[in-house]
Amino acid sequence: MDIVVWLRSLGLGKYEAVFLENEIDETVLPNLTTEDLKDLGVSIVGHRRKLLDAIAALRNDASGKAPSAEVATASSAPVLAAHKRRARLIAQLHEQAIAIANDLSAQHKATRASVAKNAQRRKAEVWLFSAGAFLLALGCIVAVGCIFAICL
């Protein structure tokens with residue numbers, strides 16, 4: 001039995017990569033529990049129910065006949081290998097995306113800190129300029145007062 005084809009027949013092909021990554025095959029599948037499905041990331045209750053019902057149906061079918069030694073045919077082996085490669089590639093791309101997101105988050109935090117620091121610096125510069133202008137005006141008033149006092 002091909003797990004990928006089975007998942008697609010249930011309308012749950014989105015879990016192909018997870019099942020392949022965790023090496024879920026026709027020997028492991030009949031023993032999966034609700035906890036196992038949760039561990040695999042099947043978080044939607046409806047999807048878990050579909051899978052558990054289909055697994056129960058597989059168990060019932062298997063109890064009526066002996067397991068076949070030729071479950072995987074020669075034609076499905078290349079397909080399975082391609083699916084495994086695709087699942088590994090998806091996992092690698094996922095890890096890269098997470099790393100990029102973490103880098104962007106760190107850059108964003110650094111930029112925000114820099115902007116905040118520059119804003120504080122600008123406030124200090126405005127305050128110093130205002131204080132300097134006040135002192136200059138005060139000095140001019142004192143100078144005019146001194147000149148006025150000398151002239152009288």
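Read the figures in this text as sums done on the coordinates, not as results from a lab. Quick caveat: nothing in here was measured; it's all calculated off a predicted structure. A quick note on method: Cβ atoms are made from the backbone with ideal geometry, for glycine too, and the neighbour counts reach across all protein chains shown.
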Q: For helix 45-64, report the angle its Cα long axis makes with the longest principal axis of the Cα atoms of the chain; keep it between 0 and 90° and round to the nearest 10°.
A: 20
Q. So what are the ³J(HN,Hα) numbers for region 24-33, from phi and the Karplus equation (6.51, -1.76, 1.60; θ = phi - 60°), rounded to whole Hz, Gly and Pro as x?
A. 7, 10, 5, 8, 8, 3, x, 9, 5, 10
Q: Determine one quarter of the surface area of the Cα convex hull of the chain, which equals its mean projected area, and express it in nm² to one decimal.
A: 15.5
Q: Could you calculate the FRET efficiency of LEU52 with ALA110 from 1/(1 + (r/R0)^6), where r is the beta carbon distance between them and R0 is 41 Å, rounded to 0.05?
A: 0.30
Q) Using alpha carbons only, what's the Rg to Rh ratio of region 3-72 with Rh from Kirkwood? A) 0.95
(Q) Output wanted: per-residue J couplings in Hz (rounded whole) for region 12-19, from phi through Karplus 6.51 cos²θ - 1.76 cosθ + 1.60, θ = phi - 60°, x for Gly and Pro. (A) 10, x, 5, 9, 3, 4, 5, 5
Q: Starting from the Cα of LYS50, draw a straight line to each of the lysines and keep only those under 26 Å, dropping any in the same chain fewer than 8 residues away.
A: LYS14, LYS38, LYS65, LYS84
Q) Using alpha carbons only, how many degrees (0 to 90, rounded to 10) separate the axis of helix 76-151 from the longest principal axis of the chain? A) 10
Q) Sequence-distant or interchain residues sharing an amide H contact under 5 Å with GLU26, placed H: which? A) none
